[in-house]
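Participant: Dumping the structure here so I can ask a few things about it.
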């Protein structure tokens with residue numbers, strides 16, 4: 001009991017509902033106050049008479065707003081006022097549609113809407129100022145690799161991976177690429193503050209770039225449609241962020257400790273718009289955000305500089321753009337800058353590390369079989385990139401989206417595990433990212449004919465049986481199960497999130513409810529859809545589990561056997577790079593085409 | 001007349017438009033310093049209840065506003081706090097501020113009579129306002145009892161049936177125009193805080209309730225009404241059904257008996273004006289009297305022919321209008337008060353009535 005004992009009348013001015021008042025009554029009773037709870041359906045006159053007869057200090061009214069209810073509540077307050085109650089009795093109103101502005105309009109002393117805590121109502125009764133919990137402060141950044149030691153349970157697979165990874169490290173020795181050289185020059189630029197030296201370094205940098213980027217370093221020209229943000233726009237962004245940060249009260253999606261962290265993906269092409277999407281998602285509970293760069297950027301040698309906007313296919317990577325985004329993030333938000341598939345892989349990881357990203361994304365197999373980059377080029381670049389990731393202590397995920405091209409899971413997983421082992425050997429902390437959705441392979445082979453659970457579960461069971469490593473389901477979960485119906489898409493996302501949580505994975509990436517069918521930029525409201533749906537699903541299941549059928553164990557064994565077979569074939573082949581060209585990790589018939597971007601650019605030093 | 005309330009009979013009847021028009025008139029005269037407050041929430045862009053776009057409130061430099069502290073930057077006007085009160089609203093403490101740069105304001109001021117009185121007095125005495133406008137709120141008129149005059153804003157949004165609307169407005173004005181009690185009663189009642197029976201010879205029996213709002217209260221009151229009773233004074237609310245019950249109890253004794261109320265608003269809050277007037281007529285027919293200690297004069301009625309018509313097929317409201325000429329003529333015929341269509345006639349007539 002922190003203040004003087006109060007007498008409180010709780011009255012549902014409602015034909016039926018009084019559950020909120022019952023909860024508040026319990027809180028007030030525990031806090032030592034006297035409470036009187038009236039049954040539902042009393043008239044305003046009866047409630048006011050009860051308040052007078054019991055000489056109460058506070059009246060708490062509950063009402064679910066509906067037709068004419070604003071008028072009813074206004075009249076109630078008017079009658080209370082005319083009855084002489086208002087000068088000595090405080091009156092609060094609670095209900096689903098109540099906001100402070102509406103409470104003021106209706107003449108109440110306080111309004112309690114959805115999300116009101118019992119503590120808030122008690123503070124009102126006791127006349128204390130309610131200090132809302134800073135939910136942003138409660139949110140902490142999670143390292144999803146923290147609890148993993150990467151020990152292999154499957155020793156056979158470990159041995160095969162060791163052989164392949166050692167071969168890759170040996171292969172790249174004495175080799176370089178324009179991507180690696182640019183990263184080295186960029187690093188020198190970071191270290192220099194001498195204008196003349198910087199000019200010289202930019203010249204050297206441009207020499208390793210494609211013409212479209214060379215033009216920028218020669219005369220500032222940018223790719224068509226793109227432009228630099230103006231100083232007015234940057235100022236507007238600053239003031240927007242100040243306002244948003246001041247009112248940020250982020251939701252927390254997780255209901256139990258083992259619910260995975262939830263990532264969203266952004267890449268509107270405009271850093272300002274990206275930040276608006278990020279802040280919206282942070283407010284609605286997203287734990288992490290993934291930067292999507294344009295596909296032309298992955299196929300083009302070299303990066304621009306400056307605050308570049310108006311790209312139509314992802315957000316252009318520059319140090320300045322990344323810095324804008326980094327500075328906008330909540331301290332708890334995990335931030336990933338992807339470097340997995342293009343000609344700027346080493347420099348992307350360098351920039352991400354310099355700006356302060358938490359995570360990056362590297363996968364040679366996906367990048368060269370589904371992402372369009374030459375296998376040899378990406379192998380050499382990826383080793384350099386992984387070394388940067390290790391240096392900046394940035395875990396990287398190894399995505400297996402080549403499954404979306406049609407590569408079977410076991411082959412995609414073999415590629416993922418090779419890069420994982422490579423990462424471990426180079427001192428980095430890799431994260432497994434299995435596809436957690438409806439992929440072409442299962443459409444053809446029928447593993448999801450009955451349900452979406454068994455085959456997704458089989459993948460997780462398989463990976464967990466091989467090694468003790470973090471798993472982040474992607475990307476995004478439930479992809480290709482969404483339709484243009486936002487409710488259906490949200491539900492499907494939430495169900496996949498629940499399954500991922502039930503399988504105790506560490507992270508998930510989710511799409512907005514309109515991502516698959518937006519026909520253009522996705523909307524902030526549709527992002528809220530899937531975040532809210534995921535939060536509800538986590539709340540619904542808690543520690544309860546989703547139980548797959550026996551098929552999941554059968555398919556898990558088949559996946560592990562397939563991985564072993566694939567790795568054996570790579571070892572037998574002798575060269576990992578050659579195995580990629582030959583289709584051992586995904587063939588042309590399966591939809592995997594060795595990329596051509598950067599072919600012939602690897603040089604011996 | 002310094003404290004003017006504007007009460008609307010429903011949303012979209014022109015309450016805020018009337019206030020805005022008055023503010024515009026005042027702004028033309030640099031000599032008049034006006035204060036503005038609201039017993040609800042006004043000046044926002046979108047209505048909190050209907051979601052419809054609302055007229056905004058514009059204040060000129062030098063004028064004064066009393067609003068919740070969290071709304072100080074909600075409009076475009078630059079405000080300087082001159083007084084921080086200890087009065088709380090759901091949107092924070094009420095402050096009194098002077099306008100330093102012309103602009104829009106969002107107003108949520110004190111919402112109880114006592115607090116409204118304190119704020120308005122401060123605005124006049126300390127901030128030097130010559131006139132204070134009090135913006136009303138949906139279905140809430142009780143705090144308006146502290147004003148010195150009331151402008152009623154009504155219109156088709158309340159009822160698009162012109163005949164019914166006119167009749168209701170006349171009833172409201174009739175209730176607010178209840179006769180003032182004789183001085184002797186005023187003197188006796190001025191110190192009484194609860195329901196009291198005034199007997200022959202000046203003997204007074206008091207009763208624990210101050211409002212007559214429930215049958216049980218009337219039943220208890222019956223015990224202290226003897227043949228010597230000449231009047232009953234009710235300082236707080238009187239509900240129309242409870243008043244009907246009292247009439248039954250008094251029966252033939254009502255002849256020559258006086259029912260005294262503190263002010264007419266205490267009766268107006270209880271039921272539809274039509275039912276209240278029916279009860280008043282019954283009292284008068286039985287040769288009884290119903291009087292008030294303090295009148296709240298109605299200064300004028302403003303009318304608005306606009307109403308939002310709901311389109312079921314599109315799930316939106318569309319603007320609709322009743323015949324403005326008919327509405328004004330019928331309203332004027334029924335009332336002995338100025339009837340003004342603010343959008344058409346402007347607020348000059350109102351300013352004259354207010355003595356500016």
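Participant: Pick out the one residue from A:257, A:293, A:313 that is in a loop (DSSP other than H, G, I, E, B), free of Cβ contacts under 8 Å to residues at least 24 places away in the same chain and in the same structural domain as residue A:383 (by TED's automatic domain parsing).
Facilitator: Numbers: A:293 fails: free of Cβ contacts under 8 Å to residues at least 24 places away in the same chain; A:313 fails: free of Cβ contacts under 8 Å to residues at least 24 places away in the same chain.
Only one candidate passes the filter, namely A:257.
Participant: When residues of the stretch B:41-74 are filtered for being within 14 Å of another protein chain (Cβ to nearest Cβ), at pLDDT below 90 and either more than 20 Å from residue B:7 (Cα to Cα) or in a loop (DSSP other than H, G, I, E, B) (or both), how many remain? Give the derivation first.
Facilitator: Looking only at the stretch B:41-74, we keep the residues that are within 14 Å of another protein chain (Cβ to nearest Cβ), and these are B:41-52, B:54, B:66-71, B:73-74.
If we keep only those that are at pLDDT below 90 as well, we get B:41-52, B:54, B:73-74.
With either more than 20 Å from residue B:7 (Cα to Cα) or in a loop (DSSP other than H, G, I, E, B) (or both) added as a condition, the list becomes B:41, B:43-45, B:47-52, B:54, B:73-74.
Residues flagged as within 14 Å of another protein chain (Cβ to nearest Cβ), at pLDDT below 90 and either more than 20 Å from residue B:7 (Cα to Cα) or in a loop (DSSP other than H, G, I, E, B) (or both) within the stretch B:41-74 amount to 13.
Participant: Right, something else. Mind listing whichever residues of the stretch A:5-34 are more than 19 Å from residue A:98 (Cβ to Cβ) and either under 45 Å from the mean Cα position of the chain (by Cα) or within 14 Å of chain B (Cβ to nearest Cβ) (or both)?
Facilitator: Matches in the stretch A:5-34: A:26, A:29, A:30, A:31, A:32, A:33.
Participant: Please verify whether the stretch B:53-72 includes one or more residues that are farther than 21 Å from residue B:102 by Cα and surrounded by fewer than 22 Cβ atoms within 10 Å (Cβ to Cβ). Show your work before the answer.
Facilitator: First pass over the stretch B:53-72, keeping only residues farther than 21 Å from residue B:102 by Cα: B:53.
After this cut, where a residue has to be surrounded by fewer than 22 Cβ atoms within 10 Å (Cβ to Cβ) as well, the list is B:53.
For the stretch B:53-72, residues farther than 21 Å from residue B:102 by Cα and surrounded by fewer than 22 Cβ atoms within 10 Å (Cβ to Cβ): present.
Participant: Then there is this: Looking at B:242, B:236, B:271, which is the one that is within 14 Å of chain A (Cβ to nearest Cβ), in a loop (DSSP other than H, G, I, E, B) and crowded, with 21+ Cβ neighbours inside 10 Å? Can you show your working first?
Facilitator: Values: B:242 fails: in a loop (DSSP other than H, G, I, E, B); B:271 fails: crowded, with 21+ Cβ neighbours inside 10 Å.
Result: B:236 is the single residue among B:242, B:236, B:271 that is within 14 Å of chain A (Cβ to nearest Cβ), in a loop (DSSP other than H, G, I, E, B) and crowded, with 21+ Cβ neighbours inside 10 Å.
Participant: Also, quick follow-up: Can you name the residue in the stretch B:146-164 that is within 14 Å of another protein chain (Cβ to nearest Cβ) and closer than 26 Å to residue B:309 by Cβ and is also surrounded by the most Cβ atoms within 10 Å (Cβ to Cβ) among such residues?
Facilitator: Looking at residues that are within 14 Å of another protein chain (Cβ to nearest Cβ) and closer than 26 Å to residue B:309 by Cβ, I get B:157.
Participant: Any residue in the stretch A:453-468 that is buried (at least 24 other Cβ atoms within 10 Å of the Cβ) and within 19 Å of the chain's Cα centre (by Cα)?
Facilitator: No, the stretch A:453-468 has no match at all.
Participant: Are any residues in the stretch B:317-334 crowded, with 17+ Cβ neighbours inside 10 Å and more than 22 Å from residue B:11 (Cα to Cα), and if so, which ones?
Facilitator: Selection gives B:334 alone.
Participant: A further question on this structure: In the stretch A:149-169, what count of residues is obtained for those that are under 30 Å from residue A:303 (Cβ atoms) and surrounded by fewer than 18 Cβ atoms within 10 Å (Cβ to Cβ)?
Facilitator: 1
Participant: Next up: Just the residues that are assigned to a loop (DSSP other than H, G, I, E, B) and at pLDDT 90 or above, please, taken from the stretch B:30-39.
Facilitator: Within the stretch B:30-39, B:33, B:39 qualify.
Participant: Given the structure, is residue B:104 farther than 29 Å from residue B:316 by Cβ, touching a residue at least 24 places away in the same chain (Cβ under 8 Å) and either outside any loop (DSSP other than H, G, I, E, B) or within 14 Å of another protein chain (Cβ to nearest Cβ) (or both)? Spell out the reasoning first.
Facilitator: Values: farther than 29 Å from residue B:316 by Cβ: no; touching a residue at least 24 places away in the same chain (Cβ under 8 Å): yes; either outside any loop (DSSP other than H, G, I, E, B) or within 14 Å of another protein chain (Cβ to nearest Cβ) (or both): yes.
It is false that residue B:104 is farther than 29 Å from residue B:316 by Cβ, touching a residue at least 24 places away in the same chain (Cβ under 8 Å) and either outside any loop (DSSP other than H, G, I, E, B) or within 14 Å of another protein chain (Cβ to nearest Cβ) (or both).
Participant: Here's another thing I want to ask about it. Collect the residues in the stretch B:114-145 that are within 11 Å of chain A (Cβ to nearest Cβ), in a helix (DSSP H, G or I) and crowded, with 20+ Cβ neighbours inside 10 Å, keeping them in residue-number order.
Facilitator: Residues satisfying the conditions are B:115, B:116, B:142, B:143, B:144, B:145.
Participant: State all residues of the stretch A:458-482 that are modelled with pLDDT of 95 or more and in a loop (DSSP other than H, G, I, E, B); if no residue qualifies, say none.
Facilitator: Answer for the stretch A:458-482, where residues must be modelled with pLDDT of 95 or more and in a loop (DSSP other than H, G, I, E, B): A:468, A:469, A:470.
Participant: Residue B:197: in contact (Cβ under 8 Å) with a residue 24 or more places away in the chain, surrounded by 23 or more Cβ atoms within 10 Å (Cβ to Cβ) and either part of a strand (DSSP E or B) or outside the structural domain of residue B:223 (by TED's automatic domain parsing) (or both), yes or no?
Facilitator: no
Participant: Let me ask another. Take the residues of the stretch B:87-101 that are over 21 Å from residue B:3 (Cβ atoms) and either within 14 Å of chain A (Cβ to nearest Cβ) or out of contact with any strand residue (DSSP E or B) (no Cβ under 6 Å at 6 or more places or on another chain) (or both): which is surrounded by the fewest Cβ atoms within 10 Å (Cβ to Cβ)? Can you show your working first?
Facilitator: Keep residues of the stretch B:87-101 that are over 21 Å from residue B:3 (Cβ atoms), which gives B:88, B:90-93, B:100-101.
Still in the list and also either within 14 Å of chain A (Cβ to nearest Cβ) or out of contact with any strand residue (DSSP E or B) (no Cβ under 6 Å at 6 or more places or on another chain) (or both): B:88, B:90-93.
Values: B:88: 18, B:90: 27, B:91: 23, B:92: 16, B:93: 13.
Checking each candidate, the answer is B:93.
Participant: Let me ask something else about it. Exactly one of these conditions fails for residue B:84: (1) closer than 19 Å to residue B:128 by Cα; (2) within 12 Å of chain A (Cβ to nearest Cβ); (3) surrounded by fewer than 18 Cβ atoms within 10 Å (Cβ to Cβ). Give me its number.
Facilitator: (2)
Participant: Scan the stretch A:529-540 residue by residue and report those that are in contact with a helix residue (DSSP H, G or I) (Cβ under 9 Å, 6 or more places away or on another chain) and either surrounded by fewer than 19 Cβ atoms within 10 Å (Cβ to Cβ) or at positive phi (or both).
Facilitator: A:532, A:536, A:540
Participant: If you don't mind, there's one more thing I want to ask. I'd like the residue in the stretch B:208-233 that is under 28 Å from the mean Cα position of the chain (by Cα) and more than 12 Å from chain A (Cβ to nearest Cβ) and, out of all such residues, is nearest to residue A:55 (Cα to Cα). Please lay out each step first, then the result.
Facilitator: Here is the first cut: in the stretch B:208-233, the residues under 28 Å from the mean Cα position of the chain (by Cα) are B:208-215, B:217-218, B:231-233.
Now restrict to residues that are more than 12 Å from chain A (Cβ to nearest Cβ): B:231-233.
Numbers: B:231: 27, B:232: 24, B:233: 22 Å.
My answer is B:233.
Participant: Okay, moving on. Find the helices (runs of 4 or more DSSP H) located wholly in the stretch A:65-171 whose residues include 2 or more that are free of Cβ contacts under 8 Å to residues at least 24 places away in the same chain and within 12 Å of chain B (Cβ to nearest Cβ), and list them.
Facilitator: Working: elements: A:69-82, A:100-106, A:118-126, A:135-138.
Output list reads A:69-82, A:100-106.
Participant: Here is a check on your reading of the model: is residue A:589 farther than 28 Å from residue A:313 by Cβ and modelled with pLDDT under 95?
Facilitator: Considered against the rule, which asks whether it is farther than 28 Å from residue A:313 by Cβ and modelled with pLDDT under 95, residue A:589 comes out as yes.
Participant: Out of all the residues in the stretch A:242-273, which are surrounded by fewer than 18 Cβ atoms within 10 Å (Cβ to Cβ), in contact with a helix residue (DSSP H, G or I) (Cβ under 9 Å, 6 or more places away or on another chain) and closer than 23 Å to residue A:336 by Cα?
Facilitator: A:244, A:245, A:248, A:249, A:251, A:252, A:258
Participant: Evaluate the stretch B:241-259: report whether one residue or more is over 21 Å from residue A:43 (Cβ atoms) and under 22 Å from the mean Cα position of the chain (by Cα).
Facilitator: Yes: one or more hits.
Participant: Now for a different question. Restricting the stretch A:45-64 to residues that are touching a helix residue (DSSP H, G or I) at 6+ places or on another chain (Cβ under 8 Å) and facing chain B (nearest Cβ under 7 Å), which is farthest from residue B:194 (Cα to Cα)?
Facilitator: Residue satisfying both the conditions and the ranking: A:45.
Participant: For the stretch A:32-44, enumerate the residues that are touching a helix residue (DSSP H, G or I) at 6+ places or on another chain (Cβ under 8 Å) and either surrounded by fewer than 21 Cβ atoms within 10 Å (Cβ to Cβ) or under 25 Å from residue B:238 (Cβ atoms) (or both).
Facilitator: A:36, A:37, A:38, A:42, A:44
Participant: Can I ask one more? Only one of these is in the same structural domain as residue A:294 (by TED's automatic domain parsing) and modelled with pLDDT under 95: A:207, A:221. Name it.
Facilitator: After applying the criteria, what remains is A:221.
The values are calculated or read from the model by the stated rules, or taken from the named source; none is laboratory data. If you're wondering where the values come from, they're calculated on a predicted model, not measured in any experiment. Every residue, glycine as well, gets a Cβ built from its backbone with ideal geometry; the counts of neighbours run over all protein chains shown.
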